[in-house]
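The values are calculated or read from the model by the stated rules, or taken from the named source; none is laboratory data. This is a predicted model, so every value here is computed, not measured. Cβ coordinates were reconstructed from backbone atoms using ideal geometry, including for glycine residues, and neighbour counts include every protein chain displayed. For the accessible areas, the whole protein counts, side chains as well, though only heavy atoms, and no ligand, DNA or RNA atoms are used. Shrake-Rupley method; radii C 1.70, N 1.55, O 1.52, S 1.80 Å.
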Amino acid sequence: MKGIVTAMACINLSLAGAAAAGPGRDNPLLLAWDTPEGTPPFARIELVDIEPAMVAAMAEHDREIAAIRDNPEPPTFANTIEALDRAGSLLSRVGAVFSVLNGTSTSDSLQAVARRLSPLRSRHADAILLDQALFARIDAVHRAQADLGLDGEQVRLLDETWREFTRGGAALDEADRVRLQAINEELAMLGLQFGENVLKETSRYELVVADEAGLSGLPPALVQAAAEAAAQRGRPGSWVFTLHRPSLIPFLESSTRRDLREQLLRAYLSMGSHGDELDNRAVLRRTVELRLERARLLGFPSHAHYVLADNMAGNPGAVYSLLDRLWAPALARAKTEAADMQALVDAEGGGFTLAAWDWWHYAEKVKKARFDLDEGLVRPYFELEAVRAGLFDVVRRLWGLTFRERDDVQVWHPEVKVYDVLDQDGSLLAVWYSDYFPRESKRGGAWMSSLRKTWRDGDRRVVPLVYNVGNFTRPTADTPALLSLDEVRTMYHEFGHALHGMLSQCRYEKLSGTSVARDFVELPSQVLENWALDPDVLARHARHWQTGRPMPAELVERLQRARHFNQGFETVEYLAASYLDMDWHTLEDPAQAANVDPEAFEAASLGRIGLIDAIAVRYRSPYFRHVFGGGYSAGYYSYVWAEVLDADAFAAFQESGDVFDPATATAFRRHILERGGAAPPMELYRAFRGRDPGIGPLLERRGLD
Ligand SMILES: [Zn+2]
């Protein structure tokens, strides 16, 4: 294994120096990048470069748009629709760098830049979507569509472009266009503020344990990480636990101190509701109100109707119907799980009723009793680098891809690793970056994005630059990074998104890679999770980090037997959040949206479905970042929608008798992974599977059938 890549500047250090771009220093974000594969020159980029580069790139995009709009030639597919797809490449490039820095290495000054840029970006995007002369050209091409002799991907580009403009308000009258622009600007700021507040809330809380009695039940690695966190936070000699998942979840699982579990979980559940400057309740209420106003302007009864019209689901009824179908069996299963745990509490003479802060702990105990399994037993077999090597091997066996680490590509943080992704014939398909450990400057969760998407320029395919970010368990002084099962699955999940971006063969950037309906985008990511704990994969790659011995066969088998364990809980906490998201966004009455009390609304939503006290909704509204600070509003259901597809797709591999079946893998690559949004998602799925997806495999997988 190679050490830390050389010649990389940590962006935080160079930002702290904040050397101004004085006269004579050209902005590296705006220059041609004479780097390997045209990768961003992170070592040369400084904070002061970002804002002027974004402003210049938006101006450049405006000039490109003006040239398309003012073209004296009559509108054609090439001079209007294709030209629009080609426009804005500088802005994509600079925006991608800004996005990765703000997501993984942010600071007060970078957040201030983001706040200043937010209204400019929103105004810039709206000025294009609401440009009447430009839309007239698009509409003319769209009306002539049947006579243009376009191929399937071109028809799709034309349709999607036209839809984007009409959904963006291009067909509204002037007063409504002005109002829409103001709404979008305010919403952009609110989303930004929501996310910043969550980040600050997550980082500011600490559970300080001053004596060893507070460590009761905790595994040594967690104790050591807490000691290191305490030292870093200027509290040597104590232990600090935080609301970051690698600290929160293991603490809830293993701590035998019920009072401390309660303290920690209550702190988590109250994020964004403290009545101070980080309170998100007013932010989310205003967001809901403005989203509804925008939907009504655009002719939809609710925000959910507006969002879903652009997704596979089509309308809120279809979403609720899937959620309802799963809810009853999942809740029944969760109640059985709760009863099992209560029996254990009683047998121990606990003398209390199982509460939300007990669930993780007693679930671990039941798992241990029933399957002789706990996280501590399996983590030593999941050293991060070994998991990554296993993942690479899985992808090699499925699609013949190979990976080569490189040390000549500049990165945004010294912990980032970079790989060439090579196709079967040795050609370069993509460059992939990973950034896996938590930092205070990084937002929570895990995600995939691109520094550059792929498209085709004549015969030339632009090499995509794709990255994965995670917040996985860090190595400590004594142990390497040993991952939980959940973290292993997350690594596979995000890599599935990365494959979608890296294998794309689309001609147009707008349709490329993960640019698909939101309830389809989780198919490639979720399907890859199926291989994470496959017995054959474990046999090859799960080796004890100290002894190098493979995971014992009987432990592999216990893992398989435990795969339905706790599925009631996991399904219920997820579905509850999906209902909450849908309930917020199916509000149709503007007066109600303007005056809603977030806490009462949430309680009513969770009460209506009958959520039990022992289970907390996965995200409460004031820190439900997917829907109030990200792109998943009226879309959190997408994960389970896509799971119907992913379970059905994986069943195709199983039916072949070999989960590495080359023919099935190739079909999945050709019809799904390479196609991006080049055709409607159901059409792509049918091409792969030969029929519509069925819900049976999902119910079986979750043990809900
Ligand atoms: Zn995902």
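Kindly give Rg over Rh for the range 125-277, based on alpha-carbon atoms, with the Kirkwood expression for the hydrodynamic radius.
Answer for the range 125-277: 1.32.
By its C-alpha gyration tensor, with a ≥ b ≥ c as the square roots of the eigenvalues, how is the range 159-203 shaped: rounded for a/c under 1.5, else prolate for a/b larger than b/c, else oblate?
Details: a/c = 7.96, a/b = 2.16, b/c = 3.69.
Here the range 159-203 falls in the oblate category.
State log₁₀ I(q)/I(0) for the chain at q = 0.12 Å⁻¹ as given by the Debye formula over alpha-carbon point scatterers of equal weight, solvent excluded.
The calculated log intensity ratios at q = 0.12 Å⁻¹ are -1.66.
If one puts a single equal scatterer on every Cα of the range 384-458 and applies the Debye formula without solvent, what log₁₀ I(q)/I(0) results at q = 0.13, 0.14, 0.16, 0.25 Å⁻¹?
Once normalised to I(0) and log-transformed, intensities are -0.48, -0.55, -0.72, -1.37.
What number comes out for accessible area per residue over the chain if the probe is 1.4 Å? Units Å², please.
39 Å²
Among the listed pairs LYS417/LYS510; LYS417/LYS442; LYS335/LYS368; LYS200/LYS367, which are separated by more than 24 Å between their Cα atoms?
Working: LYS417/LYS510 28 Å; LYS417/LYS442 16 Å; LYS335/LYS368 19 Å; LYS200/LYS367 35 Å.
Over 24 Å apart, Cα to Cα: LYS417/LYS510; LYS200/LYS367.
Which semi-axes, in whole Å and largest first, does the equivalent ellipsoid of the range 68-187 have when worked out from the alpha carbon gyration tensor as the square roots of 5 times its eigenvalues?
That gives 31, 18, 11 Å for the three semi-axes.
Per the helix-only calculation at 222 nm, which mean residue ellipticity applies to the chain, given -39500 (n - 2.57) for every DSSP H run of n ≥ 4 and division by its residues, nearest 500 deg cm²/dmol?
Taking each H run of at least 4 residues, the total per residue is -17500 deg cm²/dmol.
Given the Cα atoms of the range 451-528, and with Rh set as the inverse mean 1/r over their pairs in the Kirkwood sense, what is Rg to Rh to two decimals?
Answer for the range 451-528: 1.11.
Once the principal axes of the Cα atoms of the range 469-510 are found, what is the range along each, listed largest first in whole angstroms?
49, 18, 13
Would you kindly state how much longer the chain becomes between ASP279 and PHE660 on full extension, computed as 0.36 nm times their sequence separation minus their alpha carbon distance, in nm to one decimal?
Using 0.36 nm per residue and subtracting the Cα-Cα distance, I get 132.3 nm.
Based on DSSP H assignment, which helices of the chain show an axial Cα extent of at least 20 Å together with a mean Kyte-Doolittle hydropathy greater than or equal to 0.0?
The qualifying helices are 47-69, 89-104, 316-347, 384-399, 638-655.
Show me, bin by bin at 10 Å from 0, the whole-percent P(r) of the range 503-624 based on Cα pairs.
The distribution over the range 503-624 is 10, 24, 22, 25, 14, 4, 0, given as percents.
Dipole of the chain (Lys/Arg Cβ +1, Asp/Glu Cβ -1, origin at the Cα centre): which of ALA591, HIS274, VAL94 lies farthest to the positive side?
Farthest towards the positive pole: VAL94.
Can you find, among LEU451, VAL627, ALA210, the residue farthest towards the positive end of the dipole of the chain? Put +1 on the C-beta of Lys and Arg, -1 on that of Asp and Glu.
Selected residue: ALA210.
Above 20 angstrom, tally the Cα pairs of the range 564-659 and express them as a % of all pairs, no decimals.
46 percent
Within the chain, what percent of beta bridges assigned by DSSP are antiparallel, to the nearest 5?
80 percent
Tell me the carbon and sulfur percent of the accessible area for the chain, rounded to whole percent, probe radius 1.4 Å.
52 percent
Report the Stokes-Einstein translational diffusion coefficient (µm² s⁻¹, integer) for the range 226-371, Rh taken as the Kirkwood radius over Cα pairs, at 4 °C with viscosity 1.567 mPa s.
The estimated diffusion coefficient comes to 67 µm²/s.
Might you report the magnitude of the Cβ-based charge dipole of the chain about its Cα centre, with Lys and Arg at +1 and Asp and Glu at -1, to the nearest 20 debye?
So the dipole magnitude of the chain works out to roughly 480 debye.
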